[in-house]
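For reference, the structure is listed below as structure tokens.
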Amino acid sequence: YRRDLVKLKGKAAISQDGIKIHLLANIELLEDAAEAVANGAEGIGLYRTEFLYMNRKGLPSEEEQYEAYSRIVAAVQGPITIRTLDLGADKQVDSGRSNGPTPNNPALGLRAIRLCLKEPELFRVQVRALLRASAHGKVQIMLPMISNLQELRQSQQIIESSREELRNEGYKVADEVPIGTMIEVPAAAIAAPMLARHSRFFSIGTNDLIQYTLAIDRVDDEVNYLYDPLHPAVLRLIHMTIEAGIQAGIPVAMCGEMAGDPRYTRLLLGLGLTEFSMHPANVLEIKRIIIESNIGELKRKVKQLLTSLDPVEMRDLIDGLD
Ligand code: PEP
Ligand code: MG
């Protein structure tokens with residue numbers, strides 16, 4: 001079975017009815033980039049940079065980060081979407097910062113972009129490293145946990161002023177470094193039409209979107225039986241986000257676990273998703289499903305499915321997609 005999949009490596013992910021889908025990889029380490037390329041990913045849809053900061057003493061310098069990002073850019077041909085620091089909640093650092101009291105609800109606390117905007121010196125070091133790496137390839141910057149326009153604007157301002165600063169210091173920076181928004185907070189999905197006007201791309205982070213929509217801690221085993229990607233509320237938010245992207249003419253990707261799970265591929269194609277980012281090991285299996293799918297047909301079926309108000313009926317319809 002695996003051998004059959006390997007044959008798909010050099011093949012484009014084009015559906016039966018001729019729609020091209022982009023398959024990208026999620027990576028955390030430089031070694032993962034090689035695995036992504038080996039599995040035929042077209043680029044990186046999510047580079048989680050937290051690992052540069054975790055399990056160590058102190059914070060990584062601009063130079064160290066620049067080198068790490070440049071190595072990934074050198075190893076991968078296609079676009080590389082680098083997510084800015086997403087520390088806090090499920091991703092804690094051992095040292096270097098935040099010695100305050102432990103919050104009661106860390107997932108609702110100072111994490112990701114909130115932390116970066118509260119500590120702009122921390123953010124700037126990373127942004128400068130990212131912009132310098134952009135001189136060597138197609139780098140895109142992705143902002144995690146955006147919940148309002150203000151955060152997006154403030155981040156864009158910091159990125160712009162860092163670009164100016166670097167240029168004045170004589171560094172090369174790519175002319176085009178698209179800045180995109182992760183849609184992983186329900187408020188962002190609901191306000192997607194507004195955020196789309198100020199974003200160059202969206203990427204749906206279903207791991208957090210499901211956690212926040214269903215009020216289920218993603219790391220609490222006691223409630224993981226309630227963690228349901230097919231909950232009608234989750235599907236509606238995903239649908240709204242994709243539609244808002246199409247309306248605004250910006251690409252919408254998905255980089256949560258749902259994108260790499262073969263049980264949901266047809267459903268997501270039917271919802272109009274055209275960019276899937278996943279663990280490198282899943283790329284070929286998802287490609288096979290895409291190649292065998294008729295997306296026009298799936299869209300008709302999924303449209304009907306979304307009108308169902310009965311979760312059990314909806315699940316039956318989803319299971320029946322082929
Ligand atoms: C997500 O929330 O879906 C996501 C991709 O980010 P992470 O799992 O790193 O929070
Ligand atoms: Mg997330």
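Please verify whether region 172-183 includes one or more residues that are hydrophobic (A, V, I, L, M, F, W, C), touching a helix residue (DSSP H, G or I) at 6+ places or on another chain (Cβ under 9 Å) and over 22 Å from Pro79 (Cα atoms). Don't jump to the end; show me each part of the working.
Of the residues in region 172-183, the ones hydrophobic (A, V, I, L, M, F, W, C) are 173-174, 177, 179, 182-183.
The next check asks that each one be touching a helix residue (DSSP H, G or I) at 6+ places or on another chain (Cβ under 9 Å); those that pass are 173-174, 177, 179, 182-183.
Cutting the leftovers down to over 22 Å from Pro79 (Cα atoms) gives us none.
Taking every residue of region 172-183 in turn, none turns out to be hydrophobic (A, V, I, L, M, F, W, C), touching a helix residue (DSSP H, G or I) at 6+ places or on another chain (Cβ under 9 Å) and over 22 Å from Pro79 (Cα atoms).
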- Which members of region 239-262 meet the condition of being free of Cβ contacts under 8 Å to residues at least 40 places away in the same chain, more than 16 Å from ligand 1 (Cβ to nearest atom) and assigned to a loop (DSSP other than H, G, I, E, B)? Gly249, Pro262
- In region 137-171, the residues that are hydrophobic (A, V, I, L, M, F, W, C), in contact (Cβ under 8 Å) with a residue 60 or more places away in the chain and part of a loop (DSSP other than H, G, I, E, B): Met145
- Count, please, the residues in region 210-238 that happen to be surrounded by fewer than 19 Cβ atoms within 10 Å (Cβ to Cβ), in a helix (DSSP H, G or I) and touching a residue at least 60 places away in the same chain (Cβ under 8 Å). 2
- Note on the structure: Flagged in region 168-209 as farther than 19 Å from Ala129 by Cα, small (Gly, Ala, Ser) and buried (at least 20 other Cβ atoms within 10 Å of the Cβ), in numbering order, are Ala188, Ala189, Ala192, Ala196, Ser199, Ser203, Gly205
- Identity of the residue in region 138-161, farther than 27 Å from Glu42 by Cα and charged (D, E, K, R), that ends up nearest to ligand 1 (Cβ to nearest atom): Glu151
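To keep it simple, each residue is scored yes or no on (1) at pLDDT below 95; (2) crowded, with 22+ Cβ neighbours inside 10 Å; (3) not in a loop (DSSP other than H, G, I, E, B).
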position	(1), (2), (3)
Ala33	no, yes, yes
Gly45	no, yes, yes
Asn55	yes, no, no
Gln65	no, yes, yes
Arg71	no, no, yes
Thr81	no, yes, yes
Asp86	no, yes, no
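In region 175-199, what residues are among the aliphatic types (A, V, I, L, M), more than 18 Å from Pro251 (Cβ to Cβ) and in a loop (DSSP other than H, G, I, E, B)? Before the answer, list the steps.
Kept after step one, since they are among the aliphatic types (A, V, I, L, M), are these residues of region 175-199: 177, 179, 182-183, 185, 187-192, 194-196.
Right, trim to more than 18 Å from Pro251 (Cβ to Cβ) and you get 185, 187, 190-191.
Those that are among the aliphatic types (A, V, I, L, M), more than 18 Å from Pro251 (Cβ to Cβ) and in a loop (DSSP other than H, G, I, E, B): Val185, Ala191.
The values are calculated or read from the model by the stated rules, or taken from the named source; none is laboratory data. Just so we're clear, the structure is a prediction, and the values are computed from it rather than from any experiment. Methodologically, a virtual Cβ is constructed for each residue, glycine included, from the backbone with ideal geometry; neighbour enumeration extends over all protein chains shown.
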